[in-house]
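Below you'll find the structure, written out as structure tokens, and then a few comments.
The values are calculated or read from the model by the stated rules, or taken from the named source; none is laboratory data. Just so we're clear, the structure is a prediction, and the values are computed from it rather than from any experiment. Don't worry about glycine lacking a Cβ; one is built from the backbone with ideal geometry, like all the others, and counts go over all protein chains shown.
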Amino acid sequence: MKRVIALIIALIITLSFAACGRIIDGSRDDDIPKTDKTDKNSRTEPSGDDTPVLEIDKAFVGLWHSMNVVGSGFAERYAFYEDGTFIYGANQMDDDPLIYASGTWGVSDGKLKLFIMEKLFRSNDEGDVDIKKIKPPEVASYSIKETGPDPETGRDTIAIGGVTYYNYDNQTDMFESYYELTN
């Protein structure tokens, strides 16, 4: 039953990425969002007149997992970093070829904006991985809000696109395989 629920959640997130994403015009490197690391409240500033300045909301910085427990593998998860970068990890229990996505993030008008600049895919059953650079970056937008601590676990929670994510800052190995694959 848990696998069916996890599969449904993965399908919803995948469809959300497909439905909400749009491509930014242009293909120069200066179209990729940049981070101003000197500002105390970091800001991600994509170029283009119609793209708003995105604040890095420190309430969302951290490691977030879509289930309040970790079973035989990680479910969907995000790492939002203070420097404006993020990593998305797909559900490890699914057969979806997408493993990870990464890029920059920010919040504007209560929406999480993801500028996806790289995706990692399973290329075969032997564990080989293809890394695809995305130029120009794909843009995905989701509602995001703080939802308070979970009464069962005491973990802080946020909602991304209506899905609850639990704070897992203490689970530092959530993206270990991402770093192994990209280094």
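Of note:
- Of all residues in region 168-183, those satisfying the criterion of being closer than 20 Å to Glu146 by Cβ and surrounded by fewer than 19 Cβ atoms within 10 Å (Cβ to Cβ) are Asp169, Asn170, Gln171.
- Matching option when the condition is out of contact with any Phe, Trp or Tyr (no Cβ under 8 Å at 6 or more places or on another chain), buried (at least 16 other Cβ atoms within 10 Å of the Cβ), among the β-branched types (Val, Ile, Thr) and not in a loop (DSSP other than H, G, I, E, B), among Ile144, Ile134, Ile158, Ile99: Ile134
- Tabulated pairs, region 165-182, first over 14 Å from Tyr88 (Cα atoms) and without any contact (Cβ under 8 Å) to a residue 40 or more places away in the chain, second assigned to a strand (DSSP E or B) and of a type in the set (Gly, Ala, Ser), C-beta under 8 angstrom, 6+ apart or interchain: none
- Region 160-174, residues that are in contact with an Asp or Glu (Cβ under 8 Å, 6 or more places away or on another chain) and hydrophobic (A, V, I, L, M, F, W, C): Val163
- The listed residue being at pLDDT 95 or above, crowded, with 21+ Cβ neighbours inside 10 Å and aromatic (Phe, Trp, Tyr), out of Tyr81, Tyr88: Tyr88
- Neighbours by Cβ (under 9 Å, 6+ apart or cross-chain): first from region 118-145, in contact (Cβ under 8 Å) with a residue 12 or more places away in the chain; second of a type in the set (Phe, Trp, Tyr) and outside any strand (DSSP E or B): Leu120/Tyr178; Glu138/Phe17; Ala140/Phe17; Ile144/Phe60
- Among (1) acidic (Asp, Glu); (2) over 19 Å from Glu176 (Cβ atoms); (3) at pLDDT 95 or above - the single one Glu118 does not satisfy: (2)
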